[in-house]
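Read through the structure below, which is laid out as structure tokens, and then see the notes.
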Amino acid sequence: RYQLLKNCMPLIKGCKENNATCQKEVYHLYRGFAFKVAFRYIYAYDKATDIVNDSFVKMFTHFNKFNGGDEDDIEKILMGWLKKIVINTSIDYLRKQQMSPEIGGIQESAFETTDNVYNADQVLLYNDLIKLVKKLPPSYRVVFNMYVIDGYSHAEIADILNIPIGTSKSHLSRARAILQKQVRKMEEEH
């Protein structure tokens, strides 16, 4: 798990006031979270790192627009806001690249989890799943990530990616079919 803050209100207030110390603290607390989100979309380590840094710049530039709401849920709301920024920044990058596949290897550190409740089998399954999702064509992978992992609806995906809803549904269906085929093949090999 990511470090839960007992009281992140002073950090949020500091970020709204452009306090560099507070911004640095928020960056260090949540960059791992942001990287994992970016890495689901951008599989080149150096590009995912750039996406994370760009996302934090956007977040800090627009922090005055952040409205956290209830103090008990403020961290969840902050993480949700950051996640949305990272996803949008990743999609913008993919659009600029015209959804072309990324070039670059996956560093082992990208698979590290900070949650102590994962056992070795779960970590192995997670690593295998990431590798399988990485093999999807970029347009299928983006829709799969947005729908299955990030919880967007097909209407939201269509709006964000500027594609028809039917295309979103089709990409998801094809992504699932490809993943199922890859999982069956992997199981047969073991």
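The values are calculated or read from the model by the stated rules, or taken from the named source; none is laboratory data. Note that the structure is a prediction, hence the values are computed from the model and not measured. Cβ coordinates were reconstructed from backbone atoms using ideal geometry, including for glycine residues, and neighbour counts include every protein chain displayed. All accessible areas refer to the heavy atoms of the entire protein, side chains included, with ligands and DNA or RNA removed. Shrake-Rupley method; radii C 1.70, N 1.55, O 1.52, S 1.80 Å.
Which count do you get for residues in the stretch 15-66 that are open to solvent by less than 40 Å² (accessible area, probe 1.4 Å) and among the charged types (D, E, K, R)?
Narrowing the stretch 15-66 to residues open to solvent by less than 40 Å² (accessible area, probe 1.4 Å): 15, 22-23, 26, 29-30, 32-35, 37-44, 48, 51-52, 55-56, 59-60, 63, 66.
The next check asks that each one be among the charged types (D, E, K, R); those that pass are 40.
Number of matching residues: 1.
For the stretch 166-174, does any single residue satisfy the condition of being under 21 Å from Asp128 (Cβ atoms), part of a helix (DSSP H, G or I) and either open to solvent by less than 20 Å² (accessible area, probe 1.4 Å) or among the basic types (Lys, Arg) (or both)? There is at least one residue in the stretch 166-174 that is under 21 Å from Asp128 (Cβ atoms), part of a helix (DSSP H, G or I) and either open to solvent by less than 20 Å² (accessible area, probe 1.4 Å) or among the basic types (Lys, Arg) (or both).
Can you tell me which residue is nearest to Ile91 (Cα to Cα) among those in the stretch 132-159 that are more than 15 Å from the chain's Cα centre (by Cα) and part of a helix (DSSP H, G or I)? So that I can check it myself, show each step before the final result.
Step one: filter the stretch 132-159 for residues more than 15 Å from the chain's Cα centre (by Cα), giving 132, 135-137, 139-140, 153-156, 158-159.
So of that shortlist, the ones also part of a helix (DSSP H, G or I) come out as 132, 139-140, 154-156, 158-159.
Values: Leu132: 20, Ser139: 10, Tyr140: 13, His154: 15, Ala155: 16, Glu156: 13, Ala158: 12, Asp159: 12 Å.
Selected residue: Ser139.
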